[in-house]
Amino acid sequence: MGYQSSSSSEHLILESISKGKSDEDGPTLGSYSAWLMKHPSALDSYEGMMKPVKGKSLVVFLDYDGTLSPIVDDPDKAFMSEKMRSAVEEVARVFPTAIISGRCRDKVKRFVQLENVIYAGSHGMDIFTTIGSFKCNNQHRFRAVENEGDGVIYFQPAKAFLPEIQEILKVLKEKTKTIKGAMVEDNKFCISVHYRLVNVEDVDTLKEMVKSIMEDYPSFRITGGKKVMEIRPQIDWDKGRALQYLIQNLGFDDCNDFLPLYIGDDKTDEDAFKAIKDIGRGYPIVVSSIPKETKASYSLRDTDEVMSFLLNLVKWKSSSASDN
């Protein structure tokens, strides 16, 4: 998850090639065209990607910020377009679909406004579904809160950390007031400290401040993203584990006739890409208009290409159903 001022994909691509630009996800890897040789466009590779899917079930996983919505300076204004909402809704009608975001689950749901998808907020530490076929797994290593009634299930492996998270949140909000542009976001089971609007000369000061505060909370860890510091409980859980959990509880863990697909743009999505690689089949797709280190096999340049790809999935499903 992260926030980036919008600009055209063409401009970013040309800039990355001419200047060797990179984002905060890793070192510059040369030209975008060379990078595409290793991570080909999912749109250009679409027909070949779909051949193994025929006769199998496709399970779709999506990040939110930078994937379904443009990256913006203000995290509270990361709205998805009506066209994107319609595309996601159509995909969810024909494939099991989950949105796994670092955002608070309730906030993501308010942004997406769809009832036919599974929502996993806080990097997968807060899973909610009203889908009746979703099966409850009581064997998870962390004690979870799972309330079943009217088809509603909650899965929250980090619930025990909530009081401490609220304490950290209060401290961070108070301490970071001294740094102009710093934004602290409550994502329920994790906290995001955004510094996109912070003056360059103050960024290191903010980072050191956050690190100093977190020294008093050894049960938590700090991870990075695009102009953001993420504070999470020290538990063995991330977007990759959430993806595995959802696959299991959707009933696909013992099946060889399904293919997972995950689309995301930031560091935390790499855990989901790795999970798909560990499964040994499926499609990890990174959203990026510049070359970057990634475990993804395919790429899409921006949210517009994500929408086009999702609509292609719907068309493929419709045409394959007609063929059958």
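The values are calculated or read from the model by the stated rules, or taken from the named source; none is laboratory data. Values in this document were obtained by computation on a predicted structure and should not be read as measured data. Glycine gets a Cβ as well: all are built from the backbone with ideal geometry, and neighbour counts include every protein chain shown.
Looking at the stretch 35-76, which of its residues are under 19 Å from residue 265 (Cα atoms), in contact (Cβ under 8 Å) with a residue 60 or more places away in the chain, among the aliphatic types (A, V, I, L, M) and out of contact with any Gly (no Cβ under 8 Å at 6 or more places or on another chain)?
36, 42, 43, 59, 60, 68, 72
Of the conditions (1) surrounded by 23 or more Cβ atoms within 10 Å (Cβ to Cβ); (2) assigned to a helix (DSSP H, G or I), residue 286 satisfies every one except a single condition; which number is it?
With (1) surrounded by 23 or more Cβ atoms within 10 Å (Cβ to Cβ); (2) assigned to a helix (DSSP H, G or I) applied to residue 286, the lone miss is (2).
Among the candidates 296, 275, single out the residue that is among the small types (Gly, Ala, Ser) and under 18 Å from residue 35 (Cα atoms). Spell out how you get there, then give the answer.
On the way: 275 fails: under 18 Å from residue 35 (Cα atoms).
Every option except 296 fails the conditions.
What single numbered condition from (1) in a strand (DSSP E or B); (2) under 30 Å from residue 56 (Cα atoms) fails to hold for residue 221?
Every condition holds for residue 221 apart from (2).
In the stretch 183-228, what count of residues is obtained for those that are polar (S, T, N, Q), under 26 Å from the mean Cα position of the chain (by Cα), surrounded by fewer than 21 Cβ atoms within 10 Å (Cβ to Cβ) and modelled with pLDDT of 95 or more? Don't jump to the end; show me each part of the working.
At the first step, the residues of the stretch 183-228 found to be polar (S, T, N, Q) are 187, 192, 199, 205, 212, 219, 223.
Cutting the leftovers down to under 26 Å from the mean Cα position of the chain (by Cα) gives us 187, 192, 219, 223.
Going one step further and asking which of them are surrounded by fewer than 21 Cβ atoms within 10 Å (Cβ to Cβ), we end up with 219, 223.
Restricting the remaining residues to those that are modelled with pLDDT of 95 or more gives 219.
Within the stretch 183-228, residues that are polar (S, T, N, Q), under 26 Å from the mean Cα position of the chain (by Cα), surrounded by fewer than 21 Cβ atoms within 10 Å (Cβ to Cβ) and modelled with pLDDT of 95 or more number 1.
Might you let me know whether the stretch 38-55 holds any residue that is hydrophobic (A, V, I, L, M, F, W, C), surrounded by fewer than 18 Cβ atoms within 10 Å (Cβ to Cβ) and modelled with pLDDT of 95 or more?
Checking the stretch 38-55: at least one residue is hydrophobic (A, V, I, L, M, F, W, C), surrounded by fewer than 18 Cβ atoms within 10 Å (Cβ to Cβ) and modelled with pLDDT of 95 or more.
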